[in-house]
Amino acid sequence: MKWSFLIVDDDPSMAAQTSEILQSKRTLPGDEIVCEVCSNFELAKNKVLSSRYDLIVLDLQDDVARVEMKGQEVLDLLRENHFVPVVFYTGHAHKVTPLESPFVHVVAKGDDDVELLRGAVREVFSSGLPKLIHFIQEQQRAYLWAHVDEFWKSTGPICDVKDLAYLLSKRLSSALKGVSVRRGLDGEDKDIAHPIEMYVWPSIGDRLQTGDVVEFEGRQFVVLNPACDFAQGKVNHIVLAECIALEQCPEFLDLIKQKQAGTPYTGNQLAALKAIVGDNRQGKKVQKERYKYLPATVFMRSSVVDFQALRSVANSDEQLAAIKRIATLDTPFVESLLSKFSRYYGRIGTPDLNVDELVGSIISSVP
């Protein structure tokens, strides 16, 4: 891919040197980097507002006497207007280290800073954010110009012009589904989800909704009421299923106890833990449809939803104030959760047949 960087440094020779370093094939092997250099911070502010860049490398221009931090002013302007990852490359790195995050990196200028600078850029791009932004922009461009515009001119109006934004939003929504994004970012079409894909975090809107993972009275639950009931105002009581921490489940405890004792865990113990994580919990008197595993993220602990551990809470202002929303299960995971819940409570039990007797009868009937 081809990437566009903006280098901002009040020292033109240093800006040119930084540009040369980053445009090397060693920075992002297999990709092309084009650097634009700017040695005026006020001009740089105009550039970041009027042009699109994939990364901005900023000097701080901190004058000890005047205490000017022009580079941070550029970052503040970005925060107010649009998103671009930033690498501070400065001799006063300690002044901006509190600003560091996955998309704001700080590299101190010095004798051994070349690889540190390239490493910071690689780390920004390892997040996948620049590639995702390109992916969204390309989806938008290709859909509107190569499909909608061409169809409109050759065939006729697709819809009312007021509906075009809705048409695009549905297209982008579809393109951003897990499989499509994995194909766009990783170049692979594997039907394996990353745990983070299961959740919308933080939850959208300010109202409780189906699939919300919430904290209530010191415990975690997931909301099971159908979405249509919320939409039609028919929720008198909120139905919650408790999320039991994986660390409390015997499958986890048995395996970890063995490991901590310095004894290798058995194949059966590993299989039992894999079964609960794979929504196929096994064991005596265990009904696998009763449980649904929710993987851990930075905002979620590993949990097992138990459809027998239900709680009904009045849909009142007082009770809602006590419920803290953590995240929301995204589609199709929320539908899978509700389907499993329905199957568990909608199943019809029948007496078992005597399999041994029937098989013996079948075999004996053959001459």
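The lone criterion from (1) modelled with pLDDT of 90 or more; (2) under 17 Å from Phe83 (Cβ atoms) left unmet by Phe135 is number (1). Is it true that some residue in the range 62-81 is β-branched (Val, Ile, Thr), surrounded by fewer than 17 Cβ atoms within 10 Å (Cβ to Cβ), without any contact (Cβ under 8 Å) to a residue 60 or more places away in the chain and part of a helix (DSSP H, G or I)? Looking through the range 62-81, none of the residues is β-branched (Val, Ile, Thr), surrounded by fewer than 17 Cβ atoms within 10 Å (Cβ to Cβ), without any contact (Cβ under 8 Å) to a residue 60 or more places away in the chain and part of a helix (DSSP H, G or I). The residue of the range 41-56 that is surrounded by the fewest Cβ atoms within 10 Å (Cβ to Cβ), among those that are in contact with a strand residue (DSSP E or B) (Cβ under 7 Å, 6 or more places away or on another chain) and part of a helix (DSSP H, G or I), is Lys47.
Rundown of residues vs (1) small (Gly, Ala, Ser); (2) under 23 Å from Gly205 (Cβ atoms), yes/no style:
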residue	(1), (2)
Arg281	no, no
Lys292	no, no
Phe307	no, no
Ala314	yes, yes
Lys324	no, yes
Thr331	no, yes
Arg343	no, no
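Scanning the range 10-40 for residues that are under 34 Å from the mean Cα position of the chain (by Cα), in contact (Cβ under 8 Å) with a residue 24 or more places away in the chain and not in a strand (DSSP E or B) yields Thr18, Ile21, Leu22, Ser24, Arg26, Thr27, Leu28, Asp31. Scanning the range 218-277 for residues that are among the acidic types (Asp, Glu) and loosely packed, with under 12 Cβ neighbours inside 10 Å gives a single hit, Glu247.
Quick one: in the range 85-144, which of the residues that are β-branched (Val, Ile, Thr) and within 26 Å of Leu172 (Cβ to Cβ) is farthest from the chain's Cα centre (by Cα)? Looking at the filtered set, the residue picked out is Val86. The requirement of being modelled with pLDDT under 95, within 23 Å of Ala322 (Cα to Cα) and either touching a strand residue (DSSP E or B) at 6+ places or on another chain (Cβ under 8 Å) or surrounded by fewer than 18 Cβ atoms within 10 Å (Cβ to Cβ) (or both) is fulfilled somewhere in the range 283-299, by at least one residue.
Filtering the range 340-365 to residues that are at pLDDT 85 or above and not in a helix (DSSP H, G or I) leaves only Asn354. Residues of the range 122-138 include at least one that is more than 15 Å from Trp3 (Cβ to Cβ) and not assigned by TED's automatic domain parsing to the domain that holds Glu32.
Scan the range 257-273 and tell me whether some residue there is in the same structural domain as Ile238 (by TED's automatic domain parsing) and in contact (Cβ under 8 Å) with a residue 24 or more places away in the chain. No: the range 257-273 contains no residue that is in the same structural domain as Ile238 (by TED's automatic domain parsing) and in contact (Cβ under 8 Å) with a residue 24 or more places away in the chain. Considering every residue within the range 119-136, establish whether at least one is in contact (Cβ under 8 Å) with a residue 40 or more places away in the chain and under 18 Å from Met14 (Cβ atoms). Yes, there is a match, as at least one residue in the range 119-136 is in contact (Cβ under 8 Å) with a residue 40 or more places away in the chain and under 18 Å from Met14 (Cβ atoms). Quick one: is Gln72 closer than 20 Å to Phe103 by Cα, of a type in the set (S, T, N, Q) and at pLDDT below 95? Considered against the rule, which asks whether it is closer than 20 Å to Phe103 by Cα, of a type in the set (S, T, N, Q) and at pLDDT below 95, Gln72 comes out as yes. Please specify each residue of the range 267-278 satisfying the condition of being in contact with a helix residue (DSSP H, G or I) (Cβ under 7 Å, 6 or more places away or on another chain) and either polar (S, T, N, Q) or assigned to a loop (DSSP other than H, G, I, E, B) (or both). Within the range 267-278, Gln269 is the sole residue that qualifies.
The values are calculated or read from the model by the stated rules, or taken from the named source; none is laboratory data. As the structure is a prediction and not an experimental result, all values here were calculated from the model. Please note: Cβ atoms are built from the backbone with ideal geometry, for glycine as well, and neighbour counts cover all protein chains shown.
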